[in-house]
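Heads up: the structure comes next, in structure tokens.
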Amino acid sequence: MLSAIRLPELLQRYLNGAVDALLSGAPGRHNNFAGPLLEEALLPASSLSWRVLKNPIALFVGGTAAVILELAEPAVRAGVWEHSSFRKDPMGRLKRTGLAAMVSVYGARSVAEPMIARVVRMHASVSGTTAAGIRYSASDPQLLSWVHATASFGFAEAYSRYVDPLSAQNFNEFYGEGAPVSRLYGAVAAPRSIADMQALFESTRPRLCPSPIIFEFLRIMHETPAFPRPLRWMQPTLLRAAVELIPERLRESLGLSERYGLRGHERRLAKWAGACADRIVLPASPAVQSCLRLGLPMTYLYV
């Protein structure tokens, strides 16, 4: 494994500020990871999940792919589009969702468990009817399992594709590690292995369908700044990298033609960015703050 990259101080401060900005607008966000001292998270620091989710490129690419897959499911699409602030404040919604994912993995148990309980209570109040007249509830275990599966799939695939290849054993390990967290959210049937993931995709495929909302989401993500200005030129490339994570047959059925995917040089750029991001230690990141909380060196996940 490659060692951490030591950056010039000015560049280090700039990138650290950029990561911190991605969590801005979330009250007490630093306390979510810095304390209580020595308190363990729901997943151990030695887990593969801690190493994968520390990478901001894998998070952005994998998280975007997960949303595309969620919006392909009519009931999830209706819940996201009709009962959230995504259309009015897309980055605010993504930041809050990303912060919840980080707390679930890195936050101390006494922080993570109450946060998850609040999310579960919020889901209990969300229900409605799809355009086809089908009733849905955000607390439906089947829908929750799909949402958690798309996130697990997106993060693992993004890391493997654009950061460092994962073996079949690694994928199984990553999916299995997510089980304790997914159960707390009510996603009792979330995949725990590659075989489970493939079975869920196959059983869900008949319900997945194209929608203008998927393309509206991609337009919003293209136009809404997600990175600091000097790094914003990478955003369109990383969005196309996310589209390429969608399984080919499903991508075609959703109308995501080749023009939505990566060009040759962009694929190399995405891999370069992901590999570099995996070696840059940023003190503001949840992963590093959580390592320090546990008394581990800030480079623990980078060596």
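Scanning region 58-87 for residues that are closer than 25 Å to LEU262 by Cα, aliphatic (A, V, I, L, M) and more than 10 Å from the chain's Cα centre (by Cα) returns ILE68, LEU69, LEU71, ALA72. The single condition among (1) among the aliphatic types (A, V, I, L, M); (2) assigned to a helix (DSSP H, G or I); (3) more than 30 Å from CYS276 (Cα to Cα) that ALA132 does not meet is (2).
If the condition is being in a helix (DSSP H, G or I) and surrounded by 23 or more Cβ atoms within 10 Å (Cβ to Cβ), then region 158-208 contributes ALA158, TYR159, TYR162, PHE174, TYR175, SER182. Counting the residues of region 222-240 that are of a type in the set (Lys, Arg) and touching a residue at least 24 places away in the same chain (Cβ under 8 Å) gives 1. Within region 244-259, being more than 16 Å from ALA66 (Cβ to Cβ) and under 21 Å from the mean Cα position of the chain (by Cα) holds for one residue alone: GLU248. Evaluating MET122 against the criteria (1) loosely packed, with under 15 Cβ neighbours inside 10 Å; (2) in contact with a helix residue (DSSP H, G or I) (Cβ under 8 Å, 6 or more places away or on another chain) leaves one unmet condition, (2).
Restricted to region 262-274, and to residues that are among the hydrophobic types (A, V, I, L, M, F, W, C) and touching a residue at least 24 places away in the same chain (Cβ under 8 Å), which residue is farthest from VAL163 (Cα to Cα)? Looking at the filtered set, the residue picked out is LEU262. Is it true that some residue in region 245-259 is among the charged types (D, E, K, R) and within 27 Å of LEU42 (Cα to Cα)? Scanning region 245-259, I find no residue that is among the charged types (D, E, K, R) and within 27 Å of LEU42 (Cα to Cα), so the answer is no. Applying the condition of being more than 16 Å from the chain's Cα centre (by Cα) and small (Gly, Ala, Ser) to region 159-178 and asking which residue is farthest from LEU238 (Cα to Cα) yields GLY176. Would you confirm whether any residue within region 289-296 is out of contact with any Phe, Trp or Tyr (no Cβ under 6 Å at 6 or more places or on another chain), in a helix (DSSP H, G or I) and among the basic types (Lys, Arg)? The answer is yes; a qualifying residue exists. Exactly one residue out of ALA241, ALA226 is within 17 Å of the chain's Cα centre (by Cα) and not in a helix (DSSP H, G or I): that is ALA226.
Can you find even one residue in region 64-79 that is closer than 30 Å to VAL303 by Cβ and without any contact (Cβ under 8 Å) to a residue 60 or more places away in the chain? No. Tallying residues that are surrounded by 12 or more Cβ atoms within 10 Å (Cβ to Cβ) and of a type in the set (Ser, Thr, Tyr) within region 245-264 yields 2. The number of residues in region 137-156 that are in contact with a helix residue (DSSP H, G or I) (Cβ under 6 Å, 6 or more places away or on another chain) and surrounded by fewer than 20 Cβ atoms within 10 Å (Cβ to Cβ) comes to 1.
Within region 234-269, the set of residues being acidic (Asp, Glu) and within 24 Å of THR204 (Cβ to Cβ) comprises GLU244, GLU248, GLU252. Taking residues in region 275-303 that are at positive phi, and partners anywhere that are part of a loop (DSSP other than H, G, I, E, B) and not hydroxyl-bearing (Ser, Thr, Tyr), the pairs with Cβ atoms closer than 7 Å and at least 6 places apart or on different chains are GLY295/LEU38.
Looking across region 88-112 at every residue that is over 19 Å from the mean Cα position of the chain (by Cα) and of a type in the set (D, E, K, R), the one that is modelled with the lowest pLDDT is identified as LYS88. Using the structure shown, decide if VAL120 is modelled with pLDDT of 95 or more and either more than 18 Å from PRO36 (Cβ to Cβ) or not charged (D, E, K, R) (or both). Yes: the conditions hold for VAL120. Here region 38-81 is the region considered, the condition is being of a type outside the set (A, V, I, L, M) and in a loop (DSSP other than H, G, I, E, B), and the residue that is surrounded by the most Cβ atoms within 10 Å (Cβ to Cβ) is ASN55.
The values are calculated or read from the model by the stated rules, or taken from the named source; none is laboratory data. Bear in mind the structure is a predicted one, so any value in this text is a computation, not a measurement. Cβ sites come from the backbone with ideal geometry, for glycine too, and all protein chains shown count toward neighbours.
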